[in-house]
Amino acid sequence: MPSFVHDEIKSRIHHYLISKTNFLQLKDKINEEQLKIFVDQAITNLCHETKLVVSMEDRGAIIRELVGAITSLGPIRPLVEDPTISEIMINGSKTIYIQRNGKIEKTNITFTDNATLIHTVQKILASSGSSRRVDESSPYVDFSMPDGSRVNVILPPLSLNGPIMTIRKFSRDLTTIDDLIEKRSLNKQMAVFLTAAIKAKLNIVFCGSTGSGKTTLLNVLSRHIPEHERIITIEDTSELRLMQDHVVSLQAKGPNIEGKGEVTIRDLFINSLRMRPDRIIIGEVRGHEILDLIQSISSGHAGALAIIHADSPEECFNRMITMMLMSGIRLTGEQIQQQIATSIDLIVYMELYLDGIRRIVNITDLNFDKNTKQISLQDIFSFKQKNIENGKVVGDWVLSPKEPSCYQKFIKRNILLPGFFGK
């Protein structure tokens, strides 16, 4: 059936539901299955009264679309429920893209108009349980859905394409280190090293670009934090899903409509130091909180985990320096570099490759040599790409035989690494 004919029939059915039935009174009181039965019966009645002919295939499609528009997700429900889709990008009511297996493709799903899309946005926001809002006075928002998926919305006039909503879905199929090995994000030797690094309370920064898998990796590795430790997570938008019992989750808060009441990541971090943490995990470091993170590590708070957006370990190190300088601290650039290099043990860099696989590219040892006063970034593991065959990236990880500077922390905490560095 041509789309304009389909839309015309759907419009007639929708009008019939509103004008000839008690649909509006019932829609919020019955479940989705009962709603489908109700709409199906209404179509049958309409066809009988007006001699309208609707095929079973079109009837099913119309029922799904109408019921889907009523429930919070609207027409994007199939995309949200599809486990192969990792990201949904809605660029106005008529243009929706998805990311599947690391590759972006356009869908044929649309909203009726921008007003319907905004209505869906508001329903998704309301169902999230978040206290945040989005409207003309506050035209952009970040929040998490109940399943952990992250949502960003930006409205006109800031967006010239109409309402924009981006949903980054929470990976339910990546919950253990073995899942990541199976997805070829890392190999078994790297998994052993990283889980040992977590147990040895190394301070680790995970970096990469948007969608490279940083948060997923941190979530998986956090499972290896001992159960007896008190963990405090600090995020701008809730994405971390830790499995331990003793977890305190803190979330930043934006200003209210009067521009007051803002609580930043830095505010939460300073407060968390008074909460007797064994571990502090920061969902994303993007500002002055880097100063407090580095200083807290220097004063004895080991085992910190954090995420920074950067395109290489070197760029991650440079971003930390820049953020420290922007905090206004009265130290020279050289002193700041030394503080960072003595506080952060490892930088783990992830990248989304052309074949759709998110790989750890580098596990890098960050070291400051007190004798030579030199700072070095030495790869412990690095991915070496050989070529591309049939769209697949061919390569392997290489382990450096050189003992990293952080190895003494493994020994101190009696974490054994047999087979590594000639041991």
Q.
Sequence gap of 8 or more, or different chains, plus Cα separation below 27 Å: how many lysine pairs satisfy both in the range 51-170?
A. 8
Q | Residues in the range 329-369 that a label on residue 84 would reach, taking backbone N under 15 Å of a point 7 Å out along Cα→Cβ | A | 356
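Could you give the length gained by full extension between residue 34 and residue 246, i.e. 0.36 nm per residue of separation minus their alpha carbon distance, to one decimal place? Working shown, then result.
Details: separation 212, 0.36 × 212 = 76.32 nm, distance 4.08 nm.
Stretched out fully, the residue 34 to residue 246 stretch lengthens by 72.2 nm.
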Q | Computed E for residue 411/residue 100 - FRET, C-beta separation, R0 45 angstrom, nearest 0.05 | A | 0.50
Q. How far is it, in nm, from the label point at residue 192 to the one at residue 275 when both lie 7 Å from their Cα along the line to the Cβ?
A. 3.6
**Q.** Charge-dipole axis of the chain as Lys and Arg at +1 and Asp and Glu at -1 on Cβ define it, positive-most pick from 301, 124, 336
**A.** 301
Q: Using only Cα atoms, tell me the angle between helix 3-20 and the longest principal axis of the chain; keep it within 0 to 90° and round to the nearest 10.
A: 70
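Going through the cross-link list 199/409; 199/370; 201/253, which pairs have a Cα-Cα distance over 22 Å in this structure?
Beyond 22 Å between Cα atoms: 199/370; 201/253.
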Q: For helix 289-298, report the angle its Cα long axis makes with the longest principal axis of the Cα atoms of the chain; keep it between 0 and 90° and round to the nearest 10°.
A: 40
Q. Residue 26 to residue 258: extension gain in nm, 0.36 nm per residue of separation minus the Cα-Cα distance?
A. 79.7 nm
**Q.** Fully extended contour minus Cα-Cα distance, from residue 209 to residue 331, at 0.36 nm per residue
**A.** 41.0 nm
Q. Going by alpha carbons, how many degrees (0 to 90, nearest 10) lie between the helix axis of 313-326 and the longest principal axis of the chain?
A. 90
Q. Any idea what the dipole of the chain comes to, in debye rounded to 20, about its Cα centre with Lys/Arg Cβ at +1 and Asp/Glu Cβ at -1?
A. 640
(Q) Could you work out [θ]222 nm for the chain from helices alone, using -39500 (n - 2.57) per DSSP H run of at least four and dividing by all its residues? Round to the nearest 500 deg cm²/dmol. (A) -10500 deg cm²/dmol
**Q.** Gyration tensor (alpha-carbon) shape descriptor, the range 75-170, a/c threshold 1.5
**A.** oblate
Q | FRET efficiency, residue 378 to residue 133 (Cβ-Cβ, R0 35 Å, nearest 0.05) | A | 0.15
(Q) If you take every DSSP beta bridge fully contained in the chain, what fraction is antiparallel? Give it as a percent rounded to 5. (A) 70
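We did not get these values from a lab; they are worked out from the coordinates using the rules stated. What you see is a predicted model; the values in this text were computed from it and never measured. Cβ sites come from the backbone with ideal geometry, for glycine too, and all protein chains shown count toward neighbours.
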